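Single-structure report; data block below.
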Amino acid sequence: MRVSRQAVSNWENDRNLPDLEMLIEISSIFHISLDKLILGDDNMNKMTEKLIKDTDENRKAKFNMVTMIIGFAIMLMGALCLFIKSISVEYVDKQGFPHENFSLIPMDYLFALAGLIVIITGEIIYLHHKH
């Protein structure tokens, strides 16, 4: 196991944390359980607090990314409705009844609005939990 002095210094000063593979290797070399290494004694040490905080921030960022993707996918479906409306054939039959895809226009607006609501709601939740 090769670890630089700077890496150890960063670990000791809570500027950085060792990766999981390094923690496993350290625990096996010093014959200490991962629980004892990470959690320390009965009280949480700074490494444990940082690991919990980092995990929580990653989960929040993943939630934000998923809501953004879902919102944009819904908005894309609205754009697809508008595209289909633009290329569809519209005509009046012999009895004088028009054949148009009018329903695609309100669907476009509904998809756009729903996608926007999902994105804004996701951002509000993300920002609320971040602070």
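Taking Cα atoms only, the orientation of helix 104-130 departs from the longest principal axis of the chain by about 20 degrees. Ligands, DNA and RNA excluded, the heavy atoms of residue 15 present near 150 Å² of accessible surface to a 1.4 Å solvent probe. Taking all protein chains into account, the per residue accessible area for the range 2-131 stands at 78 Å² (1.4 Å probe).
The values are calculated or read from the model by the stated rules, or taken from the named source; none is laboratory data. The model shown is predicted, which means the values in this text are computed figures rather than measured ones. In case anyone asks, the SASA skips ligands and DNA or RNA and just uses the protein heavy atoms, side chains included. Shrake-Rupley method; radii C 1.70, N 1.55, O 1.52, S 1.80 Å.
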